Amino acid sequence: MTTRKPAKTSSAASGEAAKDDFDGRLARLEGIVQEMEEGGLGLEGAILRYEEGVSLLKGCREVLAGYRRQVEELTRGAEAALEDYDDDPDVDSVD
């Protein structure tokens, strides 16, 4: 008889997904900043939060860079689609 791992609950799965997306990372980063500003953390706790924050910031920047590349590709495609074509009735011909 084989044993199966318990299935992840939807809240646990959604929590993990939220941490992986930009908005989830940003929300966690904001929470860390708030914790550190409140000053209730000890030195070790603050260092751990800072380390996590740096990691989250790096992840956010990577996600944003990916989105930037995606927007640039879409823009190039849109601009190419807007180029004039032969016999375009909307373009004045120069004769």
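Between a residue in region 42-63 that is of a type in the set (Val, Ile, Thr) and any residue that is surrounded by 13 or more Cβ atoms within 10 Å (Cβ to Cβ) and in a helix (DSSP H, G or I), which pairs come within a Cβ distance under 9 Å, given they are 6 or more apart or on different chains?
Val63/Phe22; Val63/Arg25
Kindly provide the set of residues from region 1-44 that are at pLDDT 50 or above, over 27 Å from Val63 (Cα atoms) and among the small types (Gly, Ala, Ser), ordered by number.
Correct list: Gly39, Gly40, Gly42.
Just one of the numbered conditions (1) within 30 Å of Val33 (Cα to Cα); (2) assigned to a loop (DSSP other than H, G, I, E, B); (3) not hydroxyl-bearing (Ser, Thr, Tyr) is not true of Asp86; which one?
It fails just one condition, (1).
Would you be able to tell me the number of residues in region 52-83 that are surrounded by 11 or more Cβ atoms within 10 Å (Cβ to Cβ) and acidic (Asp, Glu)?
2
The values are calculated or read from the model by the stated rules, or taken from the named source; none is laboratory data. All values reported here derive from a predicted model rather than from experimental measurement. When we count neighbours, we look across all protein chains shown, and the Cβ atoms used for this are built from the backbone with ideal geometry, even at glycine.
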